[in-house]
Every structure is written in C-alpha cells, then in structure tokens.
Amino acid sequence: MPNSSLFPQIAYSPVIRRLFPQLHIRALLVEGVDQAGNPGTRIALLQARADERLARADETAFPEIQAWRRAFSTMGLRPTQYRCAAEALLRRRRKDGAMPALHPLIDLCNAASMAFAIPVAVFDLGRVSGTLTVCPAQGEERFERFDGGVEHPEPGEIIFADASGRAHSRRWTHRQSGYSAIRPQTMRALIVAEALHATGDADLAALSSELADAIGATGTGSVVTGVTPR
C-alpha cells in the first residue's frame, strides 16, 4: 500500500491538536468501492475478536474507550449520553449480538472498529466538498440526519466539516451524517480511524493494515493511499 505525505481529503484544526496532543490518526483512500464485495469471513473474524474481549470485560473498561470518554468529558459532554462510535457498536454487540448488514465497506469498517475498540468513520468522497476538516463548528453548518432531517451543530462542537459548510459528523466521533454515508453508487471513500489511548499509534497501524488487506482481498475496493494526516 503506497504512502503519501499529500492527502488533501483530510485535515485537522490546530485547535484539535492543542486540545488533544495524544491524538493519533490513520486515513485510507479507497477507489473502486464495490457493493458486490464479499467480506463476510473477514467480518466474522473481526467480530469474534470483539466478542472475546467483551466476554472478559464490559466495553467501558477498555483503555481505548476510556480515553474517548475522557475526551468527551473534555468537550463538555456526558460520556454516558454521548458515546464514541466504537463504544456504541460494542455496546450494541454485547446487548443484541448480531449486527445488521448495511454495505460491505461499512460492515468491514464497523467490524474493525469493534475488534480494535477504535472509532472508524467512512465517507463517500463524492458527497464531500473539498477538504474534510476536523474542527470546532461555527454553528451554521448543515448536518443531515439519516432520515433527511437537518440539524446545526452547537458553536464550538467538534465536527467533520467540508468546504461547502456541511457537517459530516456531530460531536466528533459520536454520529456521522447520512448525507455522506456509503451507498450503492459510492465509488471513492475516505476511511478515518482515530485513537487517544497510550498505544494508539501502533494499534492504528495494525488496524489500517488489516482493514486495507481485507478491502482488497474481498473485492470491496482498492486502497490506493494510506497515510497519517498532519
């Protein structure tokens, strides 16, 4: 998988770097996303690893999740009310067992997120205008829910924002927008994984490598670039 220092699709505000100096990020650019991909076996293996951890302890005891809970507290959010995506997935897995099949790429990313207890977001780049920037919201950005309704983030709330003034997430890793969700027509996707725990850099390297291999090996797409955004 090639590595490039040029990755215009994702950037981070200096404010985020100052507030969370322990933040580590990995991003993957996927071309030729294919809904006909068949990653079922890889997904099952990743989910089994999550199940093994959950059998030993509740997800709230995982250091990866505890780090995000501290971050949410720093943002002024109650961690029991607003959970990072990885915690929400693990909680659902522990309570409900089976996970719904949405799209091969989404399902792979969700399984990897659970196996590593790290939030993994995946965006349809055809629905993103310019660079996707993680930054505090102005409060005027448009966030489109999966039901088509529109919200506006609170001023100062951390979001994924694009050049058109759209918010593609709310409360950072809590909830993604339905507007840029992967769909049957998606051809190019951006995967972003973020970690705040002590071994986050090494864990993200393992996650991105395993995810890139699974995407290519199962016909779900082709990872053309993998980098650490600055």
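So that you can scan it fast, the table gives a plain yes or no per residue for (1) part of a helix (DSSP H, G or I); (2) out of contact with any helix residue (DSSP H, G or I) (no Cβ under 8 Å at 6 or more places or on another chain); (3) among the polar types (S, T, N, Q); (4) open to solvent by less than 70 Å² (accessible area, probe 1.4 Å):
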{"residue": "THR60", "(1), (2), (3), (4)": "yes, no, yes, yes"}
{"residue": "ILE65", "(1), (2), (3), (4)": "yes, no, no, yes"}
{"residue": "ARG69", "(1), (2), (3), (4)": "yes, no, no, yes"}
{"residue": "SER73", "(1), (2), (3), (4)": "yes, yes, yes, yes"}
{"residue": "GLY76", "(1), (2), (3), (4)": "no, yes, no, yes"}
{"residue": "GLN81", "(1), (2), (3), (4)": "no, yes, yes, no"}
{"residue": "ALA88", "(1), (2), (3), (4)": "yes, yes, no, yes"}
{"residue": "ARG92", "(1), (2), (3), (4)": "yes, yes, no, no"}
{"residue": "ALA98", "(1), (2), (3), (4)": "no, yes, no, no"}
Has the stretch 39-56 got any residue that is polar (S, T, N, Q), in a helix (DSSP H, G or I) and closer than 21 Å to LEU204 by Cα?
yes
I'm checking my understanding of the structure. Among residues of the stretch 4-35 that are open to solvent by 80 Å² or more (accessible area, probe 1.4 Å) and among the aliphatic types (A, V, I, L, M), which one is modelled with the highest pLDDT?
LEU19
What pairs come out if I take residues in the stretch 131-155 that are without any contact (Cβ under 8 Å) to a residue 40 or more places away in the chain and pair them with residues that are of a type in the set (Phe, Trp, Tyr) whose C-beta lies under 7 Å away, six or more apart or interchain?
GLU144/TYR179; VAL150/PHE143; GLU151/PHE143; HIS152/PHE143; PRO153/PHE143
Would you mind listing the strands (runs of 3 or more DSSP E) fully within the stretch 127-225 where at least 2 residues are touching a helix residue (DSSP H, G or I) at 6+ places or on another chain (Cβ under 8 Å), open to solvent by 20 Å² or more (accessible area, probe 1.4 Å) and farther than 28 Å from LEU45 by Cβ?
132-136
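The values are calculated or read from the model by the stated rules, or taken from the named source; none is laboratory data. Values in this document were obtained by computation on a predicted structure and should not be read as measured data. Cβ sites come from the backbone with ideal geometry, for glycine too, and all protein chains shown count toward neighbours. Surface areas here come from the heavy atoms of the whole protein model, side chains and all, with no ligands, DNA or RNA. Shrake-Rupley method; radii C 1.70, N 1.55, O 1.52, S 1.80 Å.
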